[in-house]
Amino acid sequence: MNIEERIHNSLAEEIQKTVDYDVLCDVMVRFGWTVVEVKYFSGDGDTLHRWVDVMKWVDANCTGQHKEHLGKWLFEIEKDATMFSLRWA
């Protein structure tokens, strides 16, 4: 496999992960979960929030299940989503 095929396959996999996660979010929202989006970088590429800092905060402060993909967070408990929004969004 040449470099172009590797890049193509890598991009295709990332697109598929994003589509799958978006579908998961749509389904879970119907069951009461909440979606909150956070930007890790500004439009000019400056870091707004480091992913590791956000993840540490979520692990320390949220009581329900949660998932994340590319800044799109999915929370089982509305209170967790509200606290997260107040801190990071």
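Taken about its Cα centre, the range 23-89 carries a charge dipole of about 80 debye when Lys and Arg each add +1 at the Cβ and Asp and Glu each add -1 at the Cβ. Toward the positive end of the charge dipole of the chain, with +1 on the Cβ of Lys and Arg and -1 on the Cβ of Asp and Glu, the farthest Cα among THR34, LEU74, THR63 is that of THR63. For THR82, the accessible surface of its heavy atoms amounts to roughly 70 Å² (probe 1.4 Å, protein chains only, rounded to the nearest 10).
Largest first, the residues VAL19, VAL35 sort by 1.4 Å accessible area into VAL19, VAL35.
A Gaussian network model of the chain, with springs between Cα atoms under 10 Å, assigns the largest mean-square fluctuation among GLY32, GLY43, GLY64 to GLY43. Remark: spin-label model distance MET55-ASP26 equals 2.8 nm, labels positioned 7 Å along the Cα→Cβ axis. Straight-line reach from LYS67: which aspartates and glutamates have Cα under 19 Å away, leaving out those fewer than 8 places along the same chain? Cross-link targets: GLU13, GLU14, ASP20, ASP22, ASP26, GLU37, ASP53, ASP59, GLU76, GLU78, ASP80.
The values are calculated or read from the model by the stated rules, or taken from the named source; none is laboratory data. Keep in mind it's a predicted model, so treat the numbers as computed, not measured. Glycine also receives a Cβ, built like all others from the backbone with ideal geometry; neighbour counts cover every protein chain displayed. All accessible areas refer to the heavy atoms of the entire protein, side chains included, with ligands and DNA or RNA removed. Shrake-Rupley method; radii C 1.70, N 1.55, O 1.52, S 1.80 Å.
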